[in-house]
Each structure stands twice: as C-alpha cells, then as structure tokens.
Amino acid sequence: VIMNVVDLKHEVFRPFDSPHTGDLASAVFVQFFSVQESQAATVLARFSNGQPALLEKAIDKGKSILFTSAMDLEWNNLCLKSVFVPVVHQITRRLCAAQ
C-alpha cells in the first residue's frame with residue numbers, strides 16, 4: 001500500500017502542497033499497525049487501503065502524533081525517499097511548537 005490520502009492543508013504536509021516538493025505517495029508500505037479511528041484523534045494521512053497512517057491528538061497543552069508504520073526498511077521504504085527528512089522535520093516542528 002502507499003500513503004496517498006493526505007491533508008495537504010495541515011501544517012505537517014503544507015510544504016508538499018506545491019509542485020516539485022516531493023511525492024508522499026512514492027513510498028511503499030508492506031506492514032503497518034491497524035488502528036481504530038476515534039473522534040478524539042484527527043487522521044492526517046491514510047494508506048491507499050483506507051487505514052490511518054498518521055493521526056494527531058491534542059493532550060492537555062501538547063500534541064501526540066502516531067505514525068502507524070515504522071521508520072525503517074523492514075516495514076516500508078519511506079526512509080529512502082526524498083520526502084522522509086522533511087516529513088520528520090515537519091512532525092517534530094509540530095510537536096515542539098508552543099501552544
């Protein structure tokens with residue numbers, strides 16, 4: 001499966017909303033955790049089979065982001081793609097932002 005349904009309006013993915021900024025759907029995911037959707041969390045990205053790939057939830061004065069796959073070559077090839085470092089940077093920026 002690929003991660004092809006992404007909320008490009010969200011802060012994490014906004015840099016990829018322009019042409020020539022990287023293809024988030026270029027990574028292939030062979031394994032991921034299946035999670036149940038909840039209204040307490042916002043789904044930021046989905047895999048091509050409809051399963052949530054990236055979820056965000058506000059907790060007290062902070063945020064939690066769950067990526068349902070791994071950051072290694074065993075479960076996907078995302079770390080080999082040009083979007084990997086920018087996505088990790090955007091997620092880190094989002095988690096560290098002042099409330």
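The values are calculated or read from the model by the stated rules, or taken from the named source; none is laboratory data. Remember, predicted model here, so these are calculated numbers, not experimental data. Heads up, the Cβs are rebuilt from the backbone with ideal geometry, glycines too, and the neighbour counts pull from every protein chain shown. Ligands, DNA and RNA are excluded from the accessible area calculation, which covers all protein heavy atoms including side chains. Shrake-Rupley method; radii C 1.70, N 1.55, O 1.52, S 1.80 Å.
Key figures
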{"read-out": "In region 65-99, residue nearest to GLN31 (Cα to Cα) [restricted to those that are small (Gly, Ala, Ser) and surrounded by fewer than 12 Cβ atoms within 10 Å (Cβ to Cβ)]", "value": "SER82"}
{"read-out": "Candidate set from region 33-49 (those that are free of Cβ contacts under 8 Å to residues at least 24 places away in the same chain and small (Gly, Ala, Ser)); member that is nearest to GLU11 (Cα to Cα)", "value": "ALA40"}
{"read-out": "Test result for LYS61, more than 20 Å from ALA27 (Cβ to Cβ) and loosely packed, with under 12 Cβ neighbours inside 10 Å", "value": "yes"}
{"read-out": "Test: residue in region 18-37 that is charged (D, E, K, R) and closer than 23 Å to ALA97 by Cα", "value": "no"}
{"read-out": "Count of region 10-34 residues which are at pLDDT below 90 and either among the acidic types (Asp, Glu) or open to solvent by 70 Å² or more (accessible area, probe 1.4 Å) (or both)", "value": "4"}
{"read-out": "Complete set of residues in region 35-58 that are surrounded by 14 or more Cβ atoms within 10 Å (Cβ to Cβ) and among the charged types (D, E, K, R)", "value": "ARG46, GLU56"}
